[in-house]
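Undergrad: Handing you this structure, nothing more for now.
The values are calculated or read from the model by the stated rules, or taken from the named source; none is laboratory data. As the structure is a prediction and not an experimental result, all values here were calculated from the model. Cβ: placed from backbone, ideal geometry, glycine included. Neighbour counts: every protein chain shown. Accessible surface is based on the protein model in full, side chains and every heavy atom, while ligands, DNA and RNA are left aside. Shrake-Rupley method; radii C 1.70, N 1.55, O 1.52, S 1.80 Å.
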Amino acid sequence: MKVLLLGSGAREHALAWRLKQSPQLTALFCAPGNPGTAAHGENLALDPEDLKAVVAAARARAVDLVVVGPEAPLVKGAADALRAAGIAVFGPSAAAACIEGSKAFAKEVMAVAGIPTASHRVFRSASEAEAYARAQGPLVVKADGLAAGKGVVVARSGLEAAEAVRQVAAMGQAASALVLEELLEGEEVSAIALCDGEHYQLFPAAQDHKRIFDGDQGPNTGGMGAYAPAPFLHGRGLDEVGQKVIGPALKEMKRRGTPFVGALFAGLMLTPRGPRVLEFNCRFGDPETQALVMQLDEDLLPLLDAAARGELPARPLRLRAGVSVGVVMAAAGYPQSPRKGDLIEGLAEAEATGARVFQAGTKALAGRLVTAGGRVLTVCGHGATVALAREAAYRACALIRFEGAQYRRDIGARALA
Ligand code: AMP
Ligand code: GLY
């Protein structure tokens, strides 16, 4: 089977690594990919949001399956364009990707499907939102549209909430509608399911670490590390998330005539009153996926292909015992203004320990590897326990060097407590 994978992050490197292990794979193309994916397939220099170019590349190479990593091409209609050209896609249509592309839409789906979530109100006028926020705070202010992780502000007082509305409203297009919602407290976990439009199979729950500094301090980032399984949601609890969140979401999307095919990601807050959905994403999580593919104990390709064709097998995913921990190594200056061009060394030594290093913001330059983005690497270790998996990941991190490298030392620590 010939596969085209869209995206260029550590998530895509991790997916490429697993796809490459499939006996069914005959060719792997990554667009645009990164130096990490180049070790598993052929990188194609094209923009995944240039839908005409994506379809042309898939056609020219007689690709059997396209796997879409990031949300932006999906929201733009990459899956629709490919399906119209007769090519199977693991990823939702633009209409189904609205579950991530519009928070107001996601809320509407949740309301109709009876999915537990924070109570909320949608505002189309910033001044009305501001008045409401000032009176109601604390609450969470969200831009309706895609905002590259910058569209959400958690405000702990009315004053902060009003300020948050002004800040988010200033984002322009993505904030043409604002969602103001109840502030929830609890442990946050990511539940990700493979979906074929009707059926799903859940991965174990993962936990991301969004803040830049240890102890969840400092500004939000794209994610500084993740591990799985997260002990806060497993067994019956995870099954219940399937039954109360993923299943009803799929049923409602199908009822609307826009079935969801791809990875459905529910960001959950585990509140004392049970799990509540904070958001849906229409794709695999980054960095969750790096840890999840390490836990998968079967061929990923037939699963993605089956989901794309509406034939997901009715059995749970086969998983390895133990835990995987992925630590993101970020560039100096991340998240505000990541420095680029620093020499990266020690990857081979790190992988010689048995760890996996997935690349994101890297670039090959005259035979060497240099930093080229905020999140540079995800370094993944596996172990029988979370403590051992952390040791494996951090041992590998210590062998990797680039100027100004920053990473959290407490990835997975909440699972130890
Ligand atoms: P989102 O992009 O909707 O996941 O929001 C980004 C982050 O904001 C989440 O990962 C949470 O940490 C936080 N957040 C979102 N919604 C809420 C909420 N209702 N209560 C508390 N925190 C939230
Ligand atoms: N790790 C959060 C995300 O992928 O959006």
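Undergrad: If GLU163 meets every condition in (1) assigned to a strand (DSSP E or B); (2) surrounded by fewer than 24 Cβ atoms within 10 Å (Cβ to Cβ) apart from one, which number is that one?
TA: Result: GLU163 passes all but (1).
Undergrad: Are any residues in the range 222-240 outside any loop (DSSP other than H, G, I, E, B) and in contact (Cβ under 8 Å) with a residue 60 or more places away in the chain, and if so, which ones?
TA: Initial filter on the range 222-240 (outside any loop (DSSP other than H, G, I, E, B)): 225-228, 235-240.
Listed by number, the residues that qualify are GLY225, ALA226, TYR227, ALA228.
Undergrad: Which pairs turn up if I take residues in the range 388-417 that are at pLDDT below 95 and look for partners that are in a helix (DSSP H, G or I) with beta carbon separation below 7 Å, at least 6 apart in sequence or on another chain?
TA: Hits for this filter: LEU416/VAL386; LEU416/ALA387.
Undergrad: Being at positive phi and touching a residue at least 24 places away in the same chain (Cβ under 8 Å): is that true of GLY69 here?
TA: Judged against the criteria, GLY69 is not a match.
Undergrad: If you don't mind, another one. So which residues in the range 252-273 are on the phi > 0 side of the Ramachandran plot and open to solvent by 10 Å² or more (accessible area, probe 1.4 Å)?
TA: Kept after step one, since they are on the phi > 0 side of the Ramachandran plot, are these residues of the range 252-273: 257, 262.
Residue satisfying the conditions is GLY257 alone.
Undergrad: Of PHE203, PHE213, which residue is modelled with pLDDT of 95 or more and within 16 Å of ligand 1 (Cβ to nearest atom)?
TA: PHE213
Undergrad: Taking PRO219 as meeting all but one of (1) modelled with pLDDT of 95 or more; (2) surrounded by fewer than 18 Cβ atoms within 10 Å (Cβ to Cβ); (3) outside any helix (DSSP H, G or I), write down the number of the exception.
TA: Looking at each condition in turn, PRO219 falls short on (1).
Undergrad: Got a sec? Which of HIS209, HIS199 is touching a residue at least 24 places away in the same chain (Cβ under 8 Å) and more than 16 Å from ligand 2 (Cβ to nearest atom)? Even if it seems obvious, please write down each step before you answer.
TA: Working: HIS209 fails: more than 16 Å from ligand 2 (Cβ to nearest atom).
Unique residue meeting the criteria: HIS199.
Undergrad: Follow-up question, since we're still on this one. Condition first: within 16 Å of ligand 1 (Cβ to nearest atom) and either at pLDDT 95 or above or under 18 Å from LEU233 (Cα atoms) (or both). Can you find one or more residues in the range 314-321 that meet it? Don't jump to the end; show me each part of the working.
TA: If we filter the range 314-321 for residues that are within 16 Å of ligand 1 (Cβ to nearest atom), which is where we start, we get none.
No, the range 314-321 contains no residue that is within 16 Å of ligand 1 (Cβ to nearest atom) and either at pLDDT 95 or above or under 18 Å from LEU233 (Cα atoms) (or both).
Undergrad: I'm checking my understanding of the structure. Among residues of the range 54-70 that are among the charged types (D, E, K, R) and over 16 Å from PRO32 (Cβ atoms), which one is most open to solvent (accessible area, probe 1.4 Å)? Lay out the reasoning, then the answer.
TA: Of the residues in the range 54-70, the ones among the charged types (D, E, K, R) are 59, 61, 64.
When the remaining residues are screened for being over 16 Å from PRO32 (Cβ atoms), the result is 59, 64.
Values: ARG59: 151, ASP64: 62 Å².
Applying the filter and picking the extreme gives ARG59.
Yes/no matrix, rows are residues, columns are (1) out of contact with any Lys or Arg (no Cβ under 9 Å at 6 or more places or on another chain); (2) open to solvent by 50 Å² or more (accessible area, probe 1.4 Å); (3) at pLDDT 95 or above; (4) away from ligand 2 (no atom under 16 Å from the Cβ):
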residue	(1), (2), (3), (4)
VAL179	no, no, no, yes
LEU184	no, no, yes, yes
GLY237	yes, no, yes, yes
LEU250	yes, no, yes, yes
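Undergrad: A follow-up question, please. How about the range 18-53: which of its residues are of a type outside the set (D, E, K, R) and open to solvent by 70 Å² or more (accessible area, probe 1.4 Å)? First the steps, then the outcome.
TA: Filtering the range 18-53 for residues of a type outside the set (D, E, K, R) gives 19, 21-41, 43-46, 48, 51, 53.
Hits for the range 18-53 are GLN21, PRO23, GLN24, THR26, ALA39, ALA45.
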